[in-house]
Amino acid sequence: MAAEPDIREELRRLRARVPQLTGALATSVDGVVLAQDTPGVAPETVAALTATALDVAARLADATGQGDLRELLVRGVYGYVATYAAGRTAVLTLLAQDRVNVGRLHLEGRRAGTRIGELVDAEAAAAAAAPTGAPAEPPAEPQAPELQVSKPQASEPQVSEPQAPEPQPKPQPKSPAAKSTAARARTPRAPRTTSTNARTTTES
């Protein structure tokens, strides 16, 4: 929170004006710590309990017709816990010893609550006036297109498988009947003619 240093400084001055204060912290009405000066006390715990107590006290004030809650005072055996409005969205919680002057406590607490409320409300107004859109992101640097290089695939050697020789048809053996039929079908050859010198024998 940008106003945190100014709020912490206001708490320091408040403790200087009221020496009986043992702690002071500014929180949101939801229990978020804005600034704190509470030695020996967990500020987150006090802030959470304060938010719960304010809710109950506001309902009590509304139910009894007392209007909006302005401040809350709790007295224990060893001292006081006082809570004052600080603007529209914050509260101031003070821890004081039992011997504190309650009138002085209220006077200084209300004044400090007013000043802290002005700081918180001013920061809230500045945040509301700021443009709500997120700052535009710088354009991304153009990236070189990735080259799609196709790697040459190794051609597999074409191995021709040896083809089995086609089986030659076996000659069918001829039956004896077929042989005799073929012999009968043969054309008879013409008888050879031999010219021989006939010898003439004369019987005398």
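The values are calculated or read from the model by the stated rules, or taken from the named source; none is laboratory data. Please read all numbers here as calculations on a predicted model, not as lab measurements. Side chains are part of the model used for accessible areas, which takes the heavy atoms of the whole protein and leaves out ligands, DNA and RNA. Shrake-Rupley method; radii C 1.70, N 1.55, O 1.52, S 1.80 Å.
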Give, in nm to one decimal, the length gained when the segment between Asp68 and Thr114 is fully stretched (0.36 nm per residue of separation minus the Cα-Cα distance).
14.9 nm
Shape of region 54-93 from its Cα gyration tensor (a ≥ b ≥ c, root eigenvalues): rounded if a/c is under 1.5, otherwise prolate when a/b > b/c, or oblate?
oblate
Probe 1.4 Å - accessible area at Glu10, Å² to nearest ten:
10
Heads up, I need the accessible area for Val81: 1.4 angstrom probe, whole protein in place, Å², nearest 10.
60
Please report, as a whole percent, how much of the solvent-accessible surface of region 1-136 comes from carbon and sulfur atoms (probe radius 1.4 Å).
56
